[in-house]
Amino acid sequence: MIFLRFLPYVSRTVRRAPMRSLLTVLGTALALAVFAFVRTLEGGVDTFNRDASRPVLVVFQQSRWCPLTSQLPERYLGDLEQLDGVQAVLPTTVFVNKCSTNLDLVALHGVDPARLAGVQDLTVREGDLAAWAADRAGALVGARLAARRGLKVGDRAQLAGMSVVVYAIVDGKGPGVDNLAFVHAETLQLQREMLGQTTEYLVRLKDGADPVEVAHAIDARFASSEAPTDTKSLQAFVQAAIGEVTELVHFARLLGYLAVLVVTLILSNTVFISSQTRAQELGALETIGLTKGTLAGLVVAEGMLLALLGGTVGTLAVAAYFHLVPTTLGIESYGIDFVAGPAVVVAGLVASLVVGLVASVPPALQAVLRPVAEAVRPD
């Protein structure tokens with residue numbers, strides 16, 4: 001209770017040197033913004049990897065890397081459906097505006113509407129799947145892509161050079177599905193001049209099926225065909241696509257921690273200078289009855305207040321940016337969404353409190369270990 005009574009004193013102490021406090025808060029805000037930004041990148045990659053943990057295989061043409069270069073005959077469909085362990089197969093014709101890493105990914109998946117639900121787990125936010133299935137110019141648009149492009153049900157839009165009518169906005173469980181637009185396979189094949197060909201097959205496995213054995217069986221079946229296949233689990237396939245980005249994000253984590261360490265030292269220096277300039281004042285407070293523990297608490301509270309102010313500003317600035325500017329990193333045909341959600345905000349605020357506590361402990365110890373006679377002695 002005594003400590004709570006002195007909180008207004010801590011606030012006045014912070015305002016006593018406004019320029020020093022402002023610069024400290026801004027420096028802390030910048031460092032914690034870097035921390036929150038890196039946590040947002042990590043969260044996007046982690047979510048993408050979790051979404052890829054599904055019992056699905058990707059059958060791709062051997063020695064191809066970009067969806068624009070893979071072409072498999074549609075006649076493979078019958079053979080795939082007959083293999084042991086296969087529950088459903090979805091031939092998918094893929095077209096992307098860019099295979100290279102970019103921030104404006106538009107990926108079209110040409111599919112058979114009758115086969116879509118067997119492999120892709122979609123939830124309709126708004127719109128009508130039946131109407132889409134009946135119109136070859138229609139599209140199902142992922143919620144994230146719709147938000148980035150400002151699309152609504154009923155809109156006619158140009159996506160990757162193709163004119164489509166938006167019949168539904170959908171959410172998906174697979175990696176990057178929210179950034180896709182599903183169109184009719186025949187329509188996309190006509191545009192790409194690849195009738196009778198598809199880009200890849202998505203193979204959903206039965207419960208208990210061994211993905212490694214099924215993948216080997218698929219590749220062995222088409223090894224001597226005109227288009228040999230390279231089959232991987234969905235998780236392995238997307239990791240091959242985003243592996244370099246994952247490594248860069250993990251490296252960026254070190255930069256985030258470095259920024260936090262630097263601001264901890266800066267804040268510690270600020271609190272140390274503040275306690276030094278108030279040495280006589282703290283000595284007088286001890287003389288009139290405050291315990292050394294309370295004095296240490298006042299010093300720590302000052303540092304934590306500065307850190308929390310800066311951390312709040314920096315973390316909320318990052319959260320606001322990603323809310324106002326939906327950001328998706330496109331790699332080949334996959335999109336990694338970066339969202340600074342509640343977990344990022346909480347992590348930033350907790351990091352702020354930890355920074356404030358760690359930075360304030362050395363100045364607090366220095367203040368309470370100083371003999372009271374020395375503290376109140378005039379300079």
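What follows draws every value from the coordinates through simple rules; no lab data is involved. Worth saying up front: this structure is predicted, and the values here are computed from it rather than measured. So basically every Cβ, Gly included, is an ideal-geometry build from the backbone, and we count neighbours across all protein chains shown.
Local charge for Arg75 was computed over the other residues whose Cβ lies under 14 Å away, with Lys and Arg +1 and Asp and Glu -1, and equals -3. For the stretch 322-371, the spread of Cα coordinates along the three principal axes comes to 67, 20, 15 Å, biggest extent given first.
If you wrap the tightest convex hull around every Cα atom of the stretch 63-227 and split its volume per residue, you get 118 Å³.
Considering Cα pairs under 8 angstrom that are at least six residues apart, work out the relative contact order of the chain and quote it in whole percent.
On the way: 697 pairs, mean separation 109.2, N = 379.
Reported relative contact order: 29 percent.
Compactness check for the stretch 116-198: Cα Rg over 2.2 N^0.38 Å is 1.03.
Proximity of backbone amide H atoms, modeled 1.01 Å from N, is registered between Leu159 and Val164 at under 5 Å, excluding neighbours fewer than 5 places apart on the same chain.
Let me know the Kirkwood hydrodynamic radius for the stretch 187-298, please, with Cα pairs as the basis and the value in Å to one decimal. If you can, show how the numbers build up before the last one.
Working: mean 1/r = 0.0469 Å⁻¹.
For the stretch 187-298, inverting the mean 1/r across all distinct Cα pairs yields 21.3 Å.
For the stretch 297-360 and the stretch 145-191, compute the distance between their C-alpha centroids and round to whole Å. Centre-to-centre distance over Cα atoms comes out at 33 Å. What the pair-distance distribution of the stretch 290-368 shows, using all Cα-Cα distances binned every 5 Å from zero, is 3, 15, 18, 15, 12, 10, 8, 6, 5, 4, 2, 1, 0 percent. Using the Cβ of Val96 as centre and a radius below 13 Å, the other residues enclosed give a net charge of -1, where K and R count +1 and D and E count -1.
May I ask you to sort Met162, Met304, Met194 by Cβ crowding, counting other Cβ atoms within 10 Å and putting the fewest first? Before the final figure, lay out the partial values.
Details: Met162 19, Met304 24, Met194 16.
The most exposed by this proxy come first: Met194, Met162, Met304.
What does DSSP give for the stretch 63-227 in terms of the percent of beta bridges that are antiparallel, rounded to the nearest 5? Don't jump to the answer; show the numbers that get you there.
Details: 24 of 34 bridges.
Counting only bridges with both partners in the stretch 63-227, antiparallel ones make up about 70 percent.
Which of Ala107, Ala133, Ala117 sits farthest toward the positive end of the charge dipole of the stretch 98-177, with +1 on the Cβ of Lys and Arg and -1 on the Cβ of Asp and Glu? Toward the positive end, the furthest listed residue is Ala107. Net length available on complete extension from His216 to Asn49 is 57.8 nm, with 0.36 nm assigned per residue and the Cα-Cα distance removed.
Once you charge only the Cβ atoms, +1 for Lys and Arg and -1 for Asp and Glu, what is the size of the charge dipole of the chain about its Cα centre, to the nearest 20 debye?
Details: 30 positive and 34 negative charges, 382 e Å.
Here the size comes out at about 1840 debye.
Within the listed set Gly208, Gly161, Gly314, the Gaussian network model of the chain (springs between alpha-carbon atoms below 10 Å) gives the highest mean-square fluctuation for Gly208.
Could you grab the relative contact order for the stretch 63-227? Cα pairs under 8 Å, six or more apart, rounded to a whole percent. Mind dumping the intermediate values first?
Values: 313 pairs, mean separation 55.5, N = 165.
For the stretch 63-227, the relative contact order is 34 percent.
Each peptide among 25-32, 200-207 gets the average number of other Cβ atoms lying within 10 Å of its residues, and from highest to lowest they stand as 25-32, 200-207.
Once the Cα atoms are used to define both axes, helix 211-221 deviates from the longest principal axis of the chain by about 30 degrees.
Quick one: order Leu324, Leu23, Leu122 by neighbouring beta-carbon count within 10 Å, fewest to most. Please report the intermediate quantities before stating the final value.
Working: Leu324 7, Leu23 13, Leu122 19.
With the sparsest Cβ surroundings first, the list reads Leu324, Leu23, Leu122.
With all projection directions averaged, the alpha carbon convex hull of the stretch 7-97 covers 11.9 nm². Rg and Dmax of the chain, both derived from C-alpha coordinates alone, stand at 29.1, 94 Å. Which residues does a label at Lys206 reach in the stretch 54-87, if reach means a backbone N under 19 Å from a point 7 Å past the Cα toward the Cβ? Residues passing the 19 Å test: 55-58, 77-87. Under the rule of -39500 (n - 2.57) per DSSP H run of 4 or more residues, summed and divided by the residues of the chain, what mean residue ellipticity at 222 nm is obtained, to the nearest 500 deg cm²/dmol? Value at 222 nm, helices only: -18500 deg cm²/dmol.
Suppose R0 equals 35 Å; then what is the FRET efficiency for Gln62 and Ala147 from their Cβ-Cβ distance, rounded to the nearest 0.05? So the FRET efficiency works out to roughly 0.45. Most tightly packed first, judged by the mean number of other beta-carbon atoms within 10 Å of their residues, the peptides 75-83, 165-173, 111-119, 179-187 read 179-187, 165-173, 111-119, 75-83.
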